[in-house]
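Below is one structure; the comments refer to it alone.
The values are calculated or read from the model by the stated rules, or taken from the named source; none is laboratory data. Note that the structure is predicted; figures quoted are calculated from it, not measured. Cβ atoms come from the backbone with ideal geometry, glycine included; neighbour counts cover every protein chain shown.
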Ligand SMILES: [Fe+2]
């Protein structure tokens, strides 16, 4: 899989629980965009050129939006991109996004894929050959469905009918650094995770129950 143009991804780990905020750079134009506001701006600032165009929120859980006000106060023109029904759409600079919409960043095109399940407003952002998955998929497993607005059947549909139907050489960039490494090729992730090997919804529910019964930590 070839990227549409040159870009780089820088990962910043911190925040509440090994969260990851990403800075994507369009190398041809210098345009930049952030994914999630989960680590302090001081970690990212040395790598910001001028002012990032936008921040794309993967879902409304507080650890992913924790530093949003800090980012805005330092970068007043920052546009917030997120799910149309998210709890953070009260910002006047909020750009509501729907499934299948694209965001232009310099010469880059990012595709929003709505992936409800872990949380109702979850969105993955795709810029070939990368997929920013938030808490929908981590290295080694899917996200969990323990929030008030989680839904295991929606998560199954999002993971199996949206993410796993993408080319398997796409690289997953999750919202937390929970795995043995911070990013992984989708095909490697499928190999190492039973939660990505379910035969059907019933099998997925059993595998998720088994995971929950044996888990130690992580969101
Ligand atoms: Fe979450």
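Before moving on, here are some points about what is shown:
- Cβ pairs under 6 Å, 6+ apart, first in the range 117-130 and farther than 15 Å from residue 36 by Cα, second assigned to a strand (DSSP E or B) and within 16 Å of the ligand (Cβ to nearest atom): 130/173
- In the range 180-219, the residue that is farthest from residue 17 (Cα to Cα) out of those that are part of a loop (DSSP other than H, G, I, E, B) and within 16 Å of the ligand (Cβ to nearest atom) is 215.
- Flag if residue 122 is under 22 Å from residue 179 (Cβ atoms) and surrounded by fewer than 19 Cβ atoms within 10 Å (Cβ to Cβ): no
- Subset tally (residues that are more than 13 Å from the ligand (Cβ to nearest atom), in a loop (DSSP other than H, G, I, E, B) and touching a helix residue (DSSP H, G or I) at 6+ places or on another chain (Cβ under 8 Å)) for the range 126-162: 2
- Hits in the range 86-125 - residues which are in a loop (DSSP other than H, G, I, E, B) and either more than 16 Å from the ligand (Cβ to nearest atom) or farther than 26 Å from residue 156 by Cα (or both): 89, 90, 91, 92, 93, 98, 99, 100, 101, 106, 107
- Residues in the range 70-80 that are assigned to a strand (DSSP E or B) and either within 16 Å of the ligand (Cβ to nearest atom) or surrounded by fewer than 18 Cβ atoms within 10 Å (Cβ to Cβ) (or both): 79 alone.
- The single condition among (1) modelled with pLDDT of 95 or more; (2) more than 16 Å from the ligand (Cβ to nearest atom) that residue 50 does not meet is (1).
- Residue within the range 53-64 that is more than 12 Å from residue 36 (Cα to Cα) and either modelled with pLDDT under 95 or surrounded by 14 or more Cβ atoms within 10 Å (Cβ to Cβ) (or both) present: yes
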